[in-house]
Amino acid sequence: MTTEQKALVTATVGTLRAHGVALTTHFYRRMFEHNPELKNVFNMGNQQTGKQQTALAMAVLAYAENIEDPSVLVHAVTKIGHKHVSLDIRPEHYAIVGRHLIASIGEVLGEAATPALLDAWTVAYGQLAKLMSGLESGLYQKAVSQEGGWTGWRPFTVKQKVAESTEITSFYLYPADGGRVADFLPGQYVSVRLFLPALNLFQPRQYSLSSAPNGEYYRISVKKEAGSQHPNGMISNRLHDFVHEGDIIELAAPAGDFTLETTKQTPVVLVSGGVGQTPLLSMLDYLTLTGSPRQVVWVHGSRNAQVHAFREPVADLVAGYDNVQQHIFYDTLAPGLEAKNHYTGIVDLQQLNGNTLLSEADYYVCGPAPFIRKQVQDLTALGVPREAIHFEEFGPATLSV
């Protein structure tokens, strides 16, 4: 890009801050009108809630703000790249998106969208698309280069459905072709694609892998969303109600950068709320199965024991390993739990200061956005370095902490 073009892009920062979501909302509406086939690629639940529009607006703003040095966005770009690979996004999709994005800028800004400004954003988007496509090409190549790896959508057989609580059920997924499955890093997810008759669309949804890698199957643990009519809940509920043992579903290869650093020997604190425990279960499973000597603290919050999935398996793990301890928070406590590292209320790490703040530990946090925000703020207030705090937000990245 020329200096003048960079200046033109930077000059749109104020507009993007004030009207970015309006722009991205117009963009998605336009793109789906002209390319309705992409409704099968994009998660329409995130469209309905506005999360996808907000996430894209934040990404476009961040790119404009850092147009002089986009390398500072490497972490965010990597996270988006993993999500795109899990959705089978290909270079040709970038051409479609770019065409509609530039057209949307012109239609939303009106006379302010001069030919020079549109040219500048065309060049800027082209550079970003090239960066993203290059990153994703590397991820695709890595996926197919390992034993059991693949790209695109692969059929898997549901061999087991196991109820883990009144709300959460685990699905044990084996390749329908009889082959092996690629290993993954503890904390990663897979995309599941189902056909939703109510929408007459295929819809993707990411689910964290909830067990350690084993080369034979993947396990996802899915929460049923009571009364939910938006597509995210429809996918989870369809898995619960209409997908049975022996059925075939489609999966993309494991992806995601919220992963356990397996080369470290420092302590690990795993902090989760509700179904947010699923990627952390994979980490805990890995650490115990490999006989890791690392100190591990498991902190989990749930409404009560009935909806608390994996309560007994985790308790058994804790009992079998001297270097693993757990702390459980319930909205209400049943009699007899008070003296067994159980607490009343939401997860409060400050209440556990003496037990959980291990020296040089890495903290992995997963749960609803308000839960993550509170835990990160509490850890920061307790003096934990920001680089030691890792978190995963389910869905498009809109959380800023």
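Coordinate-derived values only; no laboratory data. Source: prediction; values computed, not measured. We place every Cβ from the backbone using ideal geometry, glycine too, and count neighbours over all the protein chains shown.
Quick look at the values:
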{"quantity": "Fewest-first sequence of Ile248, Ile389 by Cβ atoms within 10 Å of each Cβ", "calculated": "Ile248, Ile389"}
{"quantity": "Net dipole in debye of the chain [+1 Lys, Arg Cβ; -1 Asp, Glu Cβ; about Cα centre; nearest 20]", "calculated": "480"}
{"quantity": "Least to most buried among Asp348, Asp247 (fewest other Cβ within 10 Å first)", "calculated": "Asp247, Asp348"}
{"quantity": "In nm, spacing of pseudo-spin labels at Gln146 and Gln377 (7 Å Cα→C-beta vector)", "calculated": "3.7"}
{"quantity": "Inter-site label distance for Ile96 and Glu312 at 7 Å from Cα along Cβ, in nm", "calculated": "4.8"}
{"quantity": "Relative contact order of segment 213-315, pairs being alpha-carbon contacts under 8 Å that are 6 or more residues apart, as %", "calculated": "24"}
{"quantity": "Distance between modelled label sites at Glu360 and Val21, nm, 7 Å Cα→Cβ extension", "calculated": "4.4"}
{"quantity": "Nearest 10 degrees, 0 to 90: helix 311-320 Cα axis against the chain principal axis", "calculated": "60"}
{"quantity": "Equivalent-ellipsoid semi-axes of the chain, from the Cα gyration tensor, Å, largest first", "calculated": "37, 25, 20"}
{"quantity": "Residues listed by number, segment 128-168, amide nitrogen under 12 Å from Asn304 label point at 7 Å toward C-beta", "calculated": "166"}
{"quantity": "Ranked list, fewest to most other Cβ atoms within 10 Å of each Cβ, for Ile346, Ile168", "calculated": "Ile346, Ile168"}
{"quantity": "FRET efficiency, 1/(1 + (r/R0)^6) with R0 45 Å, evaluated for Lys6 and Thr49 via beta carbons", "calculated": "0.85"}
{"quantity": "Helix 13-34 vs. the chain, principal-axis angle (Cα, 0 to 90°, nearest 10)", "calculated": "90"}
{"quantity": "On Cα atoms only, tilt of 115-145 relative to the major axis of the chain in degrees", "calculated": "40"}
{"quantity": "Cα lying deepest toward the dipole's positive end in the chain, options Pro267, Pro293, Leu349, charges on Cβ", "calculated": "Leu349"}
